[in-house]
Amino acid sequence: MLSGHFVRLRAYEREDLEKARAIYNDPEVNMYLRPDIPFPLKAEDEIRWYESQNPYGSGSYSFAIERLEDRQYLGSCGIDTVDWKNSHASVGLFLDKLYWNKGYGTDALSTLVDFCFQEMNLHKVYLYVFAYNQRAIHTYEKIGFKIDGTLRENVFKNGKYQDELVMSVLRNEWTLPSND
Ligand SMILES: CC(C)(COP(=O)(O)OP(=O)(O)OC[C@H]1O[C@@H](n2cnc3c(N)ncnc32)[C@H](O)[C@@H]1OP(=O)(O)O)[C@@H](O)C(=O)NCCC(=O)NCCS
């Protein structure tokens, strides 16, 4: 379990699945997510994904984001495509829209990135974000991510090819944001 100032990241439980799927299937949330998994997501596909998770594998790690004060489930985050040779990995997250703009995303991602550097000993953490997702870009910049570049018209989403930014933070640039 990884604790930030307002949230903790903990292992996924079966009880989280329905809530996670409802958030993922919300069009107002999904419009910001890469179409890597089917949309709308069916319960049986989500259960199959959950059952395929291997805690001993080295490929990806998924966490539930829970509010510290009342253990409310807020959303999900994860570490993907770990490349041990080059010492980097990608990260991603989404929250229920009820909890946007309250600082939880900043806290959750900071906690996740800190884990990547302090525990996984990675050199670089990166992510992909649609150019129109200004809230997310601002959040990532606040944490210390920098824009590496733009993948022009890289993903077909919401009816057109969308530009995606690649953003990253290096280990020697990383300082855990304070609670101020
Ligand atoms: C992106 C996301 C994880 C951020 O989490 P969050 O809890 O909403 O973010 P925070 O409250 O910590 O920070 C949001 C920041 O963006 C700012 N912001 C909000 N709307 C904005 C906009 N349209 N343009 C620029 N900045 C904006 C807020 O003011 C805040 O910055 P501040 O602290 O300097 O005032 C969350 O909004 C989310 O899940 N969105 C939908 C899914 C998604 O986009 N996932 C990421 C895919 S790459």
Does at least one position in segment 59-76 carry a residue that is aromatic (Phe, Trp, Tyr) and outside any strand (DSSP E or B)? no
Subset of segment 124-134, residues farther than 16 Å from residue 80 by Cβ and either in contact with a helix residue (DSSP H, G or I) (Cβ under 6 Å, 6 or more places away or on another chain) or open to solvent by 70 Å² or more (accessible area, probe 1.4 Å) (or both), comes to 132, 134
Among the residues that make up segment 90-101, is at least one of them open to solvent by less than 20 Å² (accessible area, probe 1.4 Å), among the polar types (S, T, N, Q) and either closer than 18 Å to residue 62 by Cα or within 12 Å of the ligand (Cβ to nearest atom) (or both)? yes
Expected output for segment 22-34 (first residue under 15 Å from residue 135 (Cβ atoms), partner within 9 Å of the ligand (Cβ to nearest atom) and of a type outside the set (A, V, I, L, M), Cβ below 7 Å, 6+ apart or cross-chain) is 28/97; 29/94; 29/97; 32/130; 32/133; 33/94
Looking only at segment 102-116, count how many residues are among the aromatic types (Phe, Trp, Tyr) and within 6 Å of the ligand (Cβ to nearest atom). 1
Take residue 52 and tell me if it is surrounded by 16 or more Cβ atoms within 10 Å (Cβ to Cβ), modelled with pLDDT under 95 and among the polar types (S, T, N, Q). no
Within the group 47, 23, 79, which residue is in contact with a Cys (Cβ under 8 Å, 6 or more places away or on another chain) and surrounded by 13 or more Cβ atoms within 10 Å (Cβ to Cβ)? 79
State whether one or more residues within segment 36-56 are within 14 Å of the ligand (Cβ to nearest atom), in contact (Cβ under 8 Å) with a residue 12 or more places away in the chain and not in a helix (DSSP H, G or I). yes
Which of the residues belonging to segment 108-123 are within 27 Å of residue 26 (Cβ to Cβ) and either free of Cβ contacts under 8 Å to residues at least 24 places away in the same chain or open to solvent by less than 10 Å² (accessible area, probe 1.4 Å) (or both)? 108, 109, 110, 112, 113
Checking the structure you have, find out if any residue of segment 136-147 is in contact (Cβ under 8 Å) with a residue 40 or more places away in the chain and among the aromatic types (Phe, Trp, Tyr). no
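The values are calculated or read from the model by the stated rules, or taken from the named source; none is laboratory data. In this text, all values refer to a predicted model and were calculated from it rather than measured experimentally. For neighbour counting, all protein chains shown are included, and Cβ atoms are generated from backbone atoms with ideal geometry for every residue, glycine included. For the accessible areas, the whole protein counts, side chains as well, though only heavy atoms, and no ligand, DNA or RNA atoms are used. Shrake-Rupley method; radii C 1.70, N 1.55, O 1.52, S 1.80 Å.
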